[in-house]
C-alpha cells in the first residue's frame, strides 16, 4: 500500500500497461476461417459477451472456467468478469459502463489468456488485449474525428547514444506548415509509445482538442520512456525532431509530460535541469525517494507551469505524490496540483483525463490553476492496518463520502498462485474479481470507490471460493460470503437504527405437511407491537429466491433494517412480516396450509385478504404470481422482484382485478436474466387486461442490490387506501 523504495513503480508492474500474468500461458486463438460472429456487442453502455464454446475450445482445449479480464472494476481497475455456460456459448453482460475506452481479453481455467479474434483492435505492447469504446460525455474526445479534420502521425526511427535503434511517433496538427515562419511549439510525451496511441488514445485527444480550438497548434513527439537518463535521451530526440519538423528550440515553447514511471522521470528532469522546458506535467509520476536537492529559484524562473496529477488511494502513486507535494512546498517550487481523481486509480483512463486537462494549458497564459471539477485534496497518506489486524475488512471514507475497502487473507494461502476478490462492486452491482497482491505471506488489496450501500464478497484462491475468516458476518446459504455496509445518506434505509428504536425479529417453527418436516420462518414485528390490540396487524409474506431460504432476506436483503427505518420514519404502515421457507414442490399448499396458519396462530395478524400482502424475489416472485393465478383475491397486494409468468392461461382476470389492490412488478436492467421475462409478462397482462404497475427498471443485475431497492420501494405502498 505504501511505497518507500527509490523506484516505486517496480512494485506494481501492472502500471506499465501490461498485466503480469505469473504462470499464465498467453495464447492467441486463430480467427475461424468462416466470418465469425463478434464475441462482444456494446449497446447503451452495456457490454455483452457471447463466446461460442467450440471456438474457445479450439484455441484453449477443454475449459471449465472462463472470464473476461478487463478494466471493469472500481477505479477502472483490471478485474475478471465471470462468464456462464449457456447452451453452446459462454455469456455475460456488464454495465452500464462509464463512457471511456476499455481493454479486455479472455482467460480460461485461470492460466490461459488470449485475444478476442473477432475484434480487430490491437494493443501493440501485448497482443492478447482488445479494446472497445463506450461513447458519451468526456469520452467524446476519444472518438475518431471525421476524415481530413485531424492531425497526421509519422514514425521516425533514430539511433540513440548507446547505439540502440529506437522509434518516435510525431503528431503534427491539422494544417501543419513545414515552412511556417514561426516554428511550432513542441510537447514531448513520454511513456510506452504504442500504449499512448492504443490505450491513451493520444491521437484522438489531440485531434479533437485541436478541432475544437482548445489547444494551441503544436507538434507532439511521443517517445518511449524506458530510458535511464531521460535528459540525455531528449537531447538526441531534439536533434532528430528538429531535422524533420518545424519546431521551436526556445524553452518557453517546449513542454514535457509523462505517466507513471515516465512521469517520475519527467519530474526529475525538469527539477534537475531547470529552464529547458517551460511546461511540465507528471501524471501519477511522483518524485522517487532520495531525489536530488532542488534549486527552487532556477525552477521557478524557468518553468511557467508544473502540474502534478494522481489517482485515488488505489493508485500506488498516491502516497508518493503526497510526499512529493510536501517536498515541493518545502523547497519553494511553484506548482499546480490537479487534486485527487476520486474515480480512477493508476490507469489509462486517469492518464487520458490528465492529458486532456494538461494540453489546453500549454503555450498560453494559464489563469485557472485549480484542480479539475470534483477532484479532492490530498491531506495525508493512506496507511492501512498492519498485517494480521482483525477484524477485516477495513473501510476508509474519502472526502466526498465514498468508501474504499481493504481486505487481507490469513496466512493459509501463502503458496497460492492467484487470489482475487469477488464482490458486487462492478457497475450496477454486478460481480467482478479484482486481483489481490501478495504481501509477505498474505494477500491484500484495496477496492473503491464504493458508493454508500451494502456489499458482499469472497476470496477466489486458484479458482476455489473461500470466506474472509477475519470478517465475523455470515451468510447461511452462501458460507463463503462476507458482508459490510458502506455508510452514507444513500445507505440509510439499510443502516441499523439506534438500539431500542426498531422492531423485533423472532423465529417461528411450524410443521410443513408438504416437506414432512419442521420448518423455520423469521417474523418481524413492528416497534410497539401489541398482541392484544383491537385491530389485527396487516401482514406481508416475503419470500426468498432459488438456492436461498428464510435467512436470506435478513442476512442479505437487510429486511430488518429496511423495515426498522420505514417504521421509524413513519413511511410504513405498522405490519408484521413473515419470511418463510419456500423450498418445497408445492408452494401454494405450503403457504396457505402451513405458513399462513402458523403465523396466524402465533401473531395477531389479519385474516382479511385486503390486509394481506405477498411478495418475493426471483423464485419467490414466480411463486407469488402462481398464487395470484390460483387464488386471486387471497392477497390484495402482490410484489414480484425479478419474476414473471411464462404463459397467459389460467388467470381469472375479473377476480384478479377485483381482488388485487396493488400488483407491482420489478426487474433489474438487461444484466438481469429475467428482464425479458418481465417485459413479456407485462405484454401478457396488457393483452389479458390485468391491471398492474411497473416500477421501472431497477439499475442492477439479478442480485441483492436490486431486490433491496425493490423492497424499499414496495413496503411503503402496502395497506394504504390508494395502494401507492
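The values are calculated or read from the model by the stated rules, or taken from the named source; none is laboratory data. Not measured: the values here are computed from a predicted model. FYI the Cβ positions are ideal-geometry reconstructions off the backbone, even for glycines, and counts take in every protein chain you see.
Inspect the range 272-292 for any residue being closer than 30 Å to residue 77 by Cβ and without any contact (Cβ under 8 Å) to a residue 24 or more places away in the chain and give the result as yes or no.
There is no residue in the range 272-292 that is closer than 30 Å to residue 77 by Cβ and without any contact (Cβ under 8 Å) to a residue 24 or more places away in the chain.
With loosely packed, with under 15 Cβ neighbours inside 10 Å, modelled with pLDDT of 95 or more and assigned to a strand (DSSP E or B) as the only criterion, which of 469, 420, 509 stands out?
509
Of the residues that sit in the range 671-701 and are part of a loop (DSSP other than H, G, I, E, B) and crowded, with 19+ Cβ neighbours inside 10 Å, which one is farthest from the chain's Cα centre (by Cα)?
690
Based on what the data block shows, is residue 120 out of contact with any helix residue (DSSP H, G or I) (no Cβ under 8 Å at 6 or more places or on another chain) and either buried (at least 17 other Cβ atoms within 10 Å of the Cβ) or under 20 Å from residue 43 (Cβ atoms) (or both)?
Yes; evaluated as a whole, the condition is true for this residue.
From 165, 111, 169, grab the single residue that is out of contact with any helix residue (DSSP H, G or I) (no Cβ under 6 Å at 6 or more places or on another chain) and either outside the structural domain of residue 277 (by TED's automatic domain parsing) or surrounded by 15 or more Cβ atoms within 10 Å (Cβ to Cβ) (or both).
Criteria check complete, one pass: 111.
Step by step: first the residues of the range 527-576, then only those that are under 16 Å from residue 709 (Cα atoms) and out of contact with any helix residue (DSSP H, G or I) (no Cβ under 8 Å at 6 or more places or on another chain), then the one that is surrounded by the fewest Cβ atoms within 10 Å (Cβ to Cβ). Which residue is that?
Per the stated criteria, the residue is 555.
Might you let me know whether the range 489-504 holds any residue that is in contact with a helix residue (DSSP H, G or I) (Cβ under 9 Å, 6 or more places away or on another chain), in a strand (DSSP E or B) and modelled with pLDDT of 95 or more?
The answer is no; no qualifying residue exists.
Tell me whether the range 598-606 contains one or more residues that are outside the structural domain of residue 474 (by TED's automatic domain parsing), part of a loop (DSSP other than H, G, I, E, B) and out of contact with any strand residue (DSSP E or B) (no Cβ under 7 Å at 6 or more places or on another chain).
No: the range 598-606 contains no residue that is outside the structural domain of residue 474 (by TED's automatic domain parsing), part of a loop (DSSP other than H, G, I, E, B) and out of contact with any strand residue (DSSP E or B) (no Cβ under 7 Å at 6 or more places or on another chain).
Look through the range 640-670, keep the residues that are part of a helix (DSSP H, G or I) and out of contact with any helix residue (DSSP H, G or I) (no Cβ under 6 Å at 6 or more places or on another chain), and return whichever of them is surrounded by the fewest Cβ atoms within 10 Å (Cβ to Cβ).
654
Could you list, in sequence order, the residues of the range 100-113 that are more than 22 Å from residue 426 (Cβ to Cβ) and either in a strand (DSSP E or B) or at pLDDT 95 or above (or both)?
112
Just one of 239, 201, 212, 243 is within 21 Å of residue 176 (Cα to Cα), within 34 Å of the chain's Cα centre (by Cα) and free of Cβ contacts under 8 Å to residues at least 24 places away in the same chain; which is it?
212
It is to be established whether one or more residues within the range 250-266 are over 41 Å from the mean Cα position of the chain (by Cα), in the same structural domain as residue 187 (by TED's automatic domain parsing), more than 23 Å from residue 206 (Cβ to Cβ) and not in a loop (DSSP other than H, G, I, E, B).
So far as the range 250-266 goes, no, none of its residues is over 41 Å from the mean Cα position of the chain (by Cα), in the same structural domain as residue 187 (by TED's automatic domain parsing), more than 23 Å from residue 206 (Cβ to Cβ) and not in a loop (DSSP other than H, G, I, E, B).
Consider residue 621 carefully, then state whether it is within 14 Å of residue 677 (Cα to Cα), in a helix (DSSP H, G or I) and at pLDDT 95 or above.
yes
Identify, by number, the condition in (1) in a loop (DSSP other than H, G, I, E, B); (2) more than 21 Å from the chain's Cα centre (by Cα); (3) at pLDDT 95 or above; (4) over 30 Å from residue 481 (Cα atoms) that residue 374 doesn't meet.
(2)
Could you tell me which numbered condition residue 603 fails, if it satisfies all but one of (1) crowded, with 21+ Cβ neighbours inside 10 Å; (2) under 29 Å from residue 476 (Cα atoms)?
If we test residue 603 against (1) crowded, with 21+ Cβ neighbours inside 10 Å; (2) under 29 Å from residue 476 (Cα atoms), just (1) comes out false.
Kindly provide the set of residues from the range 111-146 that are without any contact (Cβ under 8 Å) to a residue 60 or more places away in the chain, under 22 Å from the mean Cα position of the chain (by Cα) and farther than 24 Å from residue 80 by Cβ, ordered by number.
Across the range 111-146, the qualifying residues are 135, 137.
Conditions first: (1) part of a helix (DSSP H, G or I); (2) more than 30 Å from residue 384 (Cβ to Cβ). Residue 320 passes all but one, so which condition is the exception?
(2)
Do we find a residue being surrounded by 12 or more Cβ atoms within 10 Å (Cβ to Cβ), modelled with pLDDT of 95 or more, touching a helix residue (DSSP H, G or I) at 6+ places or on another chain (Cβ under 7 Å) and more than 26 Å from residue 45 (Cα to Cα) anywhere in the range 134-150?
For the range 134-150, residues surrounded by 12 or more Cβ atoms within 10 Å (Cβ to Cβ), modelled with pLDDT of 95 or more, touching a helix residue (DSSP H, G or I) at 6+ places or on another chain (Cβ under 7 Å) and more than 26 Å from residue 45 (Cα to Cα): present.
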